[in-house]
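*Asks:* Sharing a structure, written as structure tokens. Questions coming.
The values are calculated or read from the model by the stated rules, or taken from the named source; none is laboratory data. From a predicted model like this one, the values you see are computed outputs, not experimental measurements. Counting neighbours? That spans all protein chains shown, and the Cβs are built from the backbone with ideal geometry, glycine included. Each accessible area value is taken on the protein alone, full model and side chains, heavy atoms only, with ligands, DNA and RNA left out. Shrake-Rupley method; radii C 1.70, N 1.55, O 1.52, S 1.80 Å.
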Amino acid sequence: MEHLRAELPGLALASHTVASPQIRNRGGVGGNLGTASPAGDAHPALLAAGAEVEAESVRGSRRIPIDAFYTGVKRNALAPDELIRAVHVKKADGPQQYSKVGTRNAMVIAVCAFGLALHPGTRTVRTGIGSAAPTPVRARAAEEFLSAALEEGGFWDNGKIITPSVAKRFADLCAGACNPIDDVRGTAGYRRHAVGVMARRTLTWTWESYRGARHLTEGAA
């Protein structure tokens, strides 16, 4: 939270929503990954950032792409003899955002959560959705749509404001990527709706950050 705001902004934002300071001082990203709960706060940020999980055993070590790590409800790709040695996340090359719905800002299990990362270097977009499917998931159709829309409209280069129709379609596709359930924290319908709202808002926030960074760079030049 304190030292990685610039390098890993999505994960830093997610960390603010985890439990209480006492629990944050004891828990960590490895715990979120090990339990693999779909409601784990770090998962959307790690998915959006494209992290890798390094697993180790007496047989050696291997890196598991975050997309292949979640295998079922509270299940992950670790073998019985493996432990999480490290989590590898590249420094952000563009804006990242994180949003969470709960009954309060922290000390609460997410009703649903959403992470978004812009990757200007590859001109791609990655998402992460939590607590709205049996596992943490990406909205791949939404990512493909937005990446194509940004490229075709020249948005990466001209830095124009994203049109409302593009933002709405992105939000709808993110909501469509969910496969939620009804439980004591929220209904499936509410979760889909909330993910769509968070997708639209985080897209607005991240794109404004990107536009602001471009203007600063152009001004310096």
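*Asks:* Using Cα centres only, tell me the gap between region 156-182 and region 27-87 in whole Å.
*Replies:* Going from one Cα centre to the other spans 27 Å.
*Asks:* Please report the carbon-and-sulfur percent of the accessible area for the chain; probe 1.4 Å, protein heavy atoms only, DNA, RNA and ligands left out.
*Replies:* Using a 1.4 Å probe with all protein chains present, the chain comes out at 55 percent carbon and sulfur.
*Asks:* With all protein chains present, calculate the accessible area of Glu144 using a 1.4 Å probe and round the result to the nearest 10 Å².
*Replies:* Its heavy atoms expose roughly 130 Å² to the probe.
*Asks:* Follow-up question, since we're still on this one. Students often get this wrong, so try it: which of (i) 14.7; (ii) 12.1; (iii) 12.9 is mean projected area of the Cα convex hull in nm² as calculated from the structure shown?
*Replies:* From the options (i) 14.7; (ii) 12.1; (iii) 12.9, the structure gives (iii).
*Asks:* Let me ask something else about it. How much accessible area per residue does the chain have, in Å², with a 1.4 Å probe?
*Replies:* In whole numbers, the chain has 51 Å² accessible per residue.
*Asks:* Order 56-64, 92-100 from most to least packed using the mean count of other Cβ atoms within 10 Å.
*Replies:* Put in order of decreasing packing, that is 92-100, 56-64.
*Asks:* Tell me the relative contact order for region 19-121 as a rounded percent, counting alpha carbon contacts under 8 Å between residues six or more apart.
*Replies:* It rounds to 30 percent for region 19-121.
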